[in-house]
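These notes concern the structure reproduced below.
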Amino acid sequence: MVEEEIGVALKRARLNKKLSLRQVADQLGISTSLLSQVENGKTQPSVKTLFGLATVLEVSLDQIVSGRSGLDIELPHDRDAAAGIQRAADNPVLEMENGVTWQRLATGGHTEIEPLYVTYEVGASSSVDGKQMRHDGAEFAYILEGTLRLRLDFDEHDLGPGDSFCFDSSRPHLFYNPGTVPARGIWFVFDSATPNADIKSLLEAMRTVNGSSPGRTHLPTFR
């Protein structure tokens with residue numbers, strides 16, 4: 001996915017919602033200049049900004065990656081797809097600001113879960129301004145290599161290969177790579193808006209244990 005395609009998808013979604021650059025930028029707390037640069041493919045949003053854009057524009061991350069922006073496109077069907085197999089060359093990719101890359105892995109049509117291969121380059125952060133983000137759902141991850149620092153609520157945790165985490169993502173959180181090599185891991189992000197009763201029960205149980213409250217924004221999902 002090149003910068004221009006992501007920008008076109010976001011601009012199309014904004015125009016479909018009949019929103020101006022100023023209206024969207026004000027809701028996100030960013031400048032109209034930055035939003036314009038994102039739409040024109042001159043810069044990429046951070047993870048935090050991308051979640052905000054998807055929420056405000058009511059589009060899924062998959063729609064942004066594919067450039068569909070809510071438009072219905074018939075996807076090709078072949079033996080791999082029928083078997084739930086997704087080739088590496090076909091992984092939808094989001095390359096975001098500040099050295100963060102997401103590759104969407106095979107979902108098998110299960111929209112309640114987002115499997116991601118995530119890379120944080122040296123010094124990369126999920127938020128350029130250093131502020132934590134919140135969204136509905138839950139995040140599970142397993143670190144493959146490098147060091148990833150997780151700031152969750154008021155605590156920081158340095159995670160290395162073999163470490164894993166699970167938390168209710170309505171809790172304030174931020175990811176940062178303080179190491180000298182890229183940090184990579186496999187993420188599974190669950191959406192609390194899914195009709196899957198088992199996932200909803202899991203999220204409620206996590207909130208009871210952690211004493212956290214539901215998030216205020218909807219987690220955009222690949223479709």
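Values for this structure:
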| item | result |
| --- | --- |
| In nm, spacing of pseudo-spin labels at Asp78 and Asp163 (7 Å Cα→C-beta vector) | 4.0 |
| Euclidean distance of C-alpha centroids, the range 125-152 and the range 1-57, integer Å | 21 |
| Glu95, Glu139, reordered so the largest accessible area comes first (probe 1.4 Å) | Glu95, Glu139 |
| Burial order of peptide ranges 152-158, 181-187 (average beta-carbon count within 10 Å, highest first) | 181-187, 152-158 |
| Gain upon complete extension [Thr32, Arg87; 0.36 nm per residue less C-alpha separation] | 16.0 nm |
| Proportion of all alpha-carbon pairs of the range 112-165 beyond 16 Å (%) | 50 |
| Loop trypsin sites (Lys or Arg not before Pro), the range 77-142 (other Cβ atoms within 10 Å of the site Cβ: 13 or fewer; DSSP) | Arg87, Lys131 |
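The values are calculated or read from the model by the stated rules, or taken from the named source; none is laboratory data. None of the values given here were measured: they were computed from a predicted structure. Cβ sites come from the backbone with ideal geometry, for glycine too, and all protein chains shown count toward neighbours. Please note that ligands, DNA and RNA were not included when accessible areas were found on the heavy atoms of the full protein model with its side chains. Shrake-Rupley method; radii C 1.70, N 1.55, O 1.52, S 1.80 Å.
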